[in-house]
Amino acid sequence: MNPVERARIIIWIRRIVQAASLTFFILLMIAAHTPEEGEQASGLLKFFFNIDPLVLIGTWLSTQKLTHLSLLALATVGVTFVLGRVFCGWICPFGVLHNIVTWFRNRRRKGRPRFEVYSRWQRAKYALLFGLLISALFGAHWIGVFDPASMFYRSMTTTVFPSVQHVVDEGATLVYQTDPHVGSFHFTSITEPIYGFFRDHVFHGQHHIYTGSLLLVLLFLAAILLNLVRPRFWCRYVCPLGGLLGLIARRSMLRLRGTDVTCVNCGLCTMSCPAAAQPEQVEKWLPHECFGCWNCVASCKRGGLHFQFEWPWKKVGAGSLDISKRLTLSALAAGFVGFLAMRLTPQSRERSYNPKLIRPPGALDENEFLERCIQCGACIKACPTNVLQPALSEAGVEGVWTPVLIPQLGYCEYKCNLCGQVCPTGAIQPLPLAEKQKVKMGLASFDTTRCLPYAYDRQCIVCEEHCPIPTKAIYFHEKEIVRRDGSLMIVKQPRVDPELCTGCGICETKCVFRDRAAIRVTSANETRHPGNRPMLPGGERFDLGIPEGEEGGPSGVEVDPYGGANPYE
């Protein structure tokens, strides 16, 4: 078998692996839904994050801690050391999508091939990598914004899945309502089973929507459509994971070599190379750019190229990685400045707390949470009630696209702890359900200018009815009031028990006011931040048995609720 025939077989194997990788990635996303009661989410849901060495290194730099599953990324490092950047060319699901778009681009340009020449702008991904790593070293973990696995998962969760669900829902509804038919054959006999399959096995529940999805759509489309400008644009110019693997692949064992056949400079290998790795000049071939796709070998009709294994200590005999000291120092300085810009804020110094920054149950202390979160959106995808949303300004620039609870849109399901189980980096701890049900995410409080029993003398017990706490965190005080016509009535005015309220948000979600709820949840009293707890320890000391409406104690003597202690010490 000559090199060309062998390369064509390998290319077909690569395409099968790529298709399998993309399919596996999507299936894992679909499988991220609430398991049956008592079951745990599969560890496979984190697979693509666990094999990502950029996530491994970034998390280690920011936290100096590793989990045993993240060590799987070392396998990716080992494969790269042997075979080069095959992770980019064969495994990466985001890379597969870029490959598909590039294939369409080449089909449109058929007859007008273009030489893909290496550009010094391809060094941008290394500069971005250095900046992100130095920023992570000081604790600002922004790697997830650019990491391909995180970006692809986040984009699919917040844009592609909701769009597909909307199309399926609206299309099935339209067919159902218009009921088109030919004789006795109704098209609903086709559309309804399809709709039922997607509803039960793909979307698993209500139609999810996400805040800030327009920006995410634009960024995702930009990353995809730039392939029409240059093949694998993201992989060549932007991807920091590609930069990291490129550094490892500089002395990979699998190397491109020429045969004894004389090159006629036809340029076919250059035109078929999506990485601009200079295969036309074997002595200047760029191993740190090569995706290991084998297109160049297959395109050489004279069989002038082939890959072969060589010992790593043998001189590569290829082009060098052109990264100057000035570029490196500039990238490191930019990363450090970025860290300062993100961390020198009152919120990051815990001088103030954003009332809207409500994190999922099990989330670590805010700074440690940001050191671990990779903005992948796995928890957002898994959340069954749509309460988890990608943050915009709630957590500052550093926390963009990290998960926050927005109770206007949903609530934290009392019997669900899936967000902690799917988090790949431990930013959300995988708490047992009984322990998760005790975690305080925030605290509910009433707006007495809107709440019906307070402001309008109307009976309303909706919030209390929906409170999932067995002993109810919302209770009532009966109060006699005089109505406008002079008659008397008893209304039940709801109160919040801060010892029981977890801030799950269901009271705000179910409130009869749809524009601005009369009961709202803020981040106050959250378990993870002792500095954000307005309730002093031992709240029972405040229950002095003082009848409501009276000043002073039962004896009429003014009572010190703090028992003589300084409440601020």
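Brief remarks on what is shown
- Extension gain, residue 478-residue 65: 0.36 nm per intervening residue step, less the Cα-Cα distance, totals 143.4 nm.
- Over the chain: Rg over Rh, Cα atoms, Kirkwood Rh: 1.08
- Tensor-based shape of region 120-231 (alpha-carbon gyration tensor, a/c under 1.5 rounded, otherwise prolate or oblate): prolate
- Across the alpha-carbon set of region 225-277, the Rg to Rh ratio works out to 1.05, Rh being the Kirkwood radius.
- Under the span-like rule (Cα at least 30 Å along the axis, Kyte-Doolittle mean at least 0.0), DSSP H helices of the chain: 3-31
- Label-point separation, residue 302 to residue 415 (7 Å along Cα→Cβ), nm: 7.2 nm
- Shape analysis of region 51-176 places it in the oblate category; the axes a ≥ b ≥ c from the Cα gyration tensor give an a/c of at least 1.5, with a/b not above b/c.
- Each peptide in 194-201, 457-464 was scored by the mean count of other Cβ atoms within 10 Å over its residues; highest first, the order is 457-464, 194-201.
- Label reach from residue 499 (point 7 Å along Cα→C-beta): in region 462-479, amide nitrogens under 20 Å belong to 464, 467-478.
- Under the simplified labelling scheme, the residue 455-residue 75 pair shows an inter-label distance of 5.7 nm, with each label point 7 Å from Cα along Cα→Cβ.
- Surface composition of the chain: carbon plus sulfur atoms contribute 61% of the solvent-accessible area (1.4 Å probe, protein chains only, all chains present).
- Under 13 Å, Cβ to Cβ, from residue 73 - net charge with Lys/Arg +1 and Asp/Glu -1: -1
- Computed from the Cβ-Cβ distance with R0 of 30 Å, the FRET efficiency linking residue 322 to residue 351 stands at 0.10.
- Accessible solvent surface per residue of the chain, calculated while the other protein chains remain in place, 1.4 angstrom probe, Å²: 50 Å²
- Tensor-based shape of region 257-407 (alpha-carbon gyration tensor, a/c under 1.5 rounded, otherwise prolate or oblate): prolate
The values are calculated or read from the model by the stated rules, or taken from the named source; none is laboratory data. Computed from a prediction, not measured in an experiment: that's the story for all the values here. Don't worry about glycine lacking a Cβ; one is built from the backbone with ideal geometry, like all the others, and counts go over all protein chains shown. We work out accessible area using only protein heavy atoms, side chains counted, and drop any ligands, DNA or RNA first. Shrake-Rupley method; radii C 1.70, N 1.55, O 1.52, S 1.80 Å.
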